[in-house]
Amino acid sequence: MSRQIPFADLKSQYNTYKAELDKAVLDVMGSSMYIMGPEVEKLEKNLAAYVGARHALSVSSGTDALLLALMSYGIKAGDEVITTPFTFIATAEVIALVGAKPVFADIDETTYNLDVEKVKPLINERTKAIIPVSLYGLPADMDKFAELTKGTNIKLIEDACQSFGATDKGKHSCNYNSMGCTSFFPSKPLGCYGDGGAVFTNDDSEAEMLANLRNHGQIARYKHKYIGINGRLDAMQAAVLNVKLAHFKEEIATRIKIGNDYTAKIKAAYKGDASDIITPYIPDGKVSVYAQYSVRVKNREEVAKKLNEQGIPTAIHYPIPLHMQECYAGCGFKEGDLPVSEKVSKEIMSLPMSAFLKADDQDYIVEALCKAVQETK
Ligand SMILES: *Cc1c(COP(=O)(O)O)cnc(C)c1O
């Protein structure tokens, strides 16, 4: 085995912007301003401008972004929040953390995002919010959810932790007439060098509430009106993000092209039945940022083993739908309840993906994938 392809290639990204990143971090070190301060203010301005939202509030992680969104809406014990089971655990975790009940609705089999038709019958008087997830960087059907919740008191929160930079009819993820929550975990489309996240809103009073809650519910120095959390972003992470955001437009365009190239190359190279390798479906008008490039294959474990042997790492996002996780056993779901999520979680497999994936490495991956699928049929 000669090649070893990195899964997310954060090293190449660092080397590309190294001089700027090193300087930015050292400048913060010398500034004595480690929490909030000018780097954080600059970042929030730039983030809001990027997605076109009125307010961006930087926070300590994507998880805290979601938690603060629910806290700001006063969601509590006795309430229900509808979301997808086919996501990272944090989406449902925060619902349980505020004392509410996660209610899982199944996904669409083509986009893997929450299916509005499956959500409708689950709405009742206890439903206080819906959290669609823009999975793998493909915007969820936020228009349809906005229509569904219009004229009701049900809050809409986009879990955009994987979709910063994605668009739907030209409109940016995180800004779909709902609160938008994103993550800057290192391997996300826009990542820092630790934990980080942001919440976006166009509503001034929501922004004020979020700002208070992320800083211990403080409304003036040592005056605490609400019970909040320590949910602030470090200045050093903000400095890293300010450097990366300046290159983001270019980098994300490359990332999108590489994702689209994967699909074109797989379709061109695979000689068997098209249903043997299901590539991502991107509906008209939407642009995915391919936080993950994930395909569906029948004999996933065997295919992954063959790829791994050839220096191609793979990952599974996600092997167990959340309604089948032990921690949600009390939510009243069982295997068989959400068949689409269960089926997809058995077949899905993510391939190496980054804006720094070289074309010949991609060709090598596509060739190995097609061969592995053919051999394991
Ligand atoms: C990464 C992720 C989160 C959590 O973000 P952190 O910054 O790791 O806390 C939440 N939801 C989804 C869909 C994610 O991918």
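Six or more apart or on different chains, Cβ atoms under 7 Å: show the pairs whose first residue is in the stretch 185-207 and under 15 Å from LEU68 (Cα atoms) and whose second is assigned to a helix (DSSP H, G or I) and within 10 Å of the ligand (Cβ to nearest atom).
Listed pairs, sorted by first residue: GLY197/GLY62; GLY197/ASP64; GLY197/ALA65; ALA198/ALA65; VAL199/ALA65.
Checking GLY330 against (1) modelled with pLDDT of 95 or more; (2) assigned to a helix (DSSP H, G or I): exactly one of these is not met. Which one?
(1)
Determine if the stretch 67-76 includes at least one residue that is within 30 Å of LEU148 (Cα to Cα) and free of Cβ contacts under 8 Å to residues at least 24 places away in the same chain.
The answer is yes, given that some residue of the stretch 67-76 is within 30 Å of LEU148 (Cα to Cα) and free of Cβ contacts under 8 Å to residues at least 24 places away in the same chain.
What tally of residues in the stretch 38-86 results from selecting those that are out of contact with any Pro (no Cβ under 7 Å at 6 or more places or on another chain) and not in a loop (DSSP other than H, G, I, E, B)?
Residues that pass the stated criteria total 32.
Scan the stretch 156-199 residue by residue and report those that are aromatic (Phe, Trp, Tyr) and open to solvent by 10 Å² or more (accessible area, probe 1.4 Å).
TYR176, PHE185, TYR193
Scan the stretch 236-277 residue by residue and report those that are open to solvent by 50 Å² or more (accessible area, probe 1.4 Å), touching a residue at least 12 places away in the same chain (Cβ under 8 Å) and among the basic types (Lys, Arg).
Passing the criteria: LYS265, LYS267, LYS271.
Got a sec? Which of ALA129, ALA105, ALA166, ALA69 is within 16 Å of the ligand (Cβ to nearest atom), at pLDDT 95 or above and over 24 Å from LYS188 (Cβ atoms)?
Just a single option satisfies the conditions, and that option is ALA105.
If you go through the stretch 111-122, how many residues are over 18 Å from the mean Cα position of the chain (by Cα) and either in a loop (DSSP other than H, G, I, E, B) or buried (at least 22 other Cβ atoms within 10 Å of the Cβ) (or both)?
The number of residues fulfilling the criteria is 1.
Could you tell me whether any residue of the stretch 262-272 is within 19 Å of the chain's Cα centre (by Cα), more than 16 Å from the ligand (Cβ to nearest atom) and outside any helix (DSSP H, G or I)?
No, that holds for no residue.
So ILE219 clears everything in (1) within 14 Å of the ligand (Cβ to nearest atom); (2) open to solvent by 20 Å² or more (accessible area, probe 1.4 Å) except one condition, right? Which one?
Every listed condition holds for ILE219 apart from (1).
Scan the stretch 125-151 residue by residue and report those that are open to solvent by 10 Å² or more (accessible area, probe 1.4 Å), of a type outside the set (Val, Ile, Thr) and in a helix (DSSP H, G or I).
TYR136, ASP143, LYS144, ALA146, GLU147, LEU148
From the list SER341, SER288, pick out the single residue that is closer than 20 Å to ILE107 by Cβ and touching a Pro at 6+ places or on another chain (Cβ under 6 Å).
SER341
Scanning the stretch 72-102 for residues that are within 12 Å of the ligand (Cβ to nearest atom) and hydroxyl-bearing (Ser, Thr, Tyr), which turns out surrounded by the most Cβ atoms within 10 Å (Cβ to Cβ)?
If we take residues in the stretch 72-102 being within 12 Å of the ligand (Cβ to nearest atom) and hydroxyl-bearing (Ser, Thr, Tyr), then THR84 is surrounded by the most Cβ atoms within 10 Å (Cβ to Cβ).
Considering every residue within the stretch 185-200, establish whether at least one is away from the ligand (no atom under 14 Å from the Cβ) and either among the hydrophobic types (A, V, I, L, M, F, W, C) or modelled with pLDDT of 95 or more (or both).
Within the stretch 185-200, one or more residues are away from the ligand (no atom under 14 Å from the Cβ) and either among the hydrophobic types (A, V, I, L, M, F, W, C) or modelled with pLDDT of 95 or more (or both).
Residue pairs, Cβ under 7 Å, 6 or more apart or interchain, first in the stretch 303-322 and of a type in the set (S, T, N, Q), second modelled with pLDDT under 95. List them.
From the stretch 303-322, the pairs are GLN310/MET1.
The values are calculated or read from the model by the stated rules, or taken from the named source; none is laboratory data. None of the values given here were measured: they were computed from a predicted structure. Don't worry about glycine lacking a Cβ; one is built from the backbone with ideal geometry, like all the others, and counts go over all protein chains shown. Please note that ligands, DNA and RNA were not included when accessible areas were found on the heavy atoms of the full protein model with its side chains. Shrake-Rupley method; radii C 1.70, N 1.55, O 1.52, S 1.80 Å.
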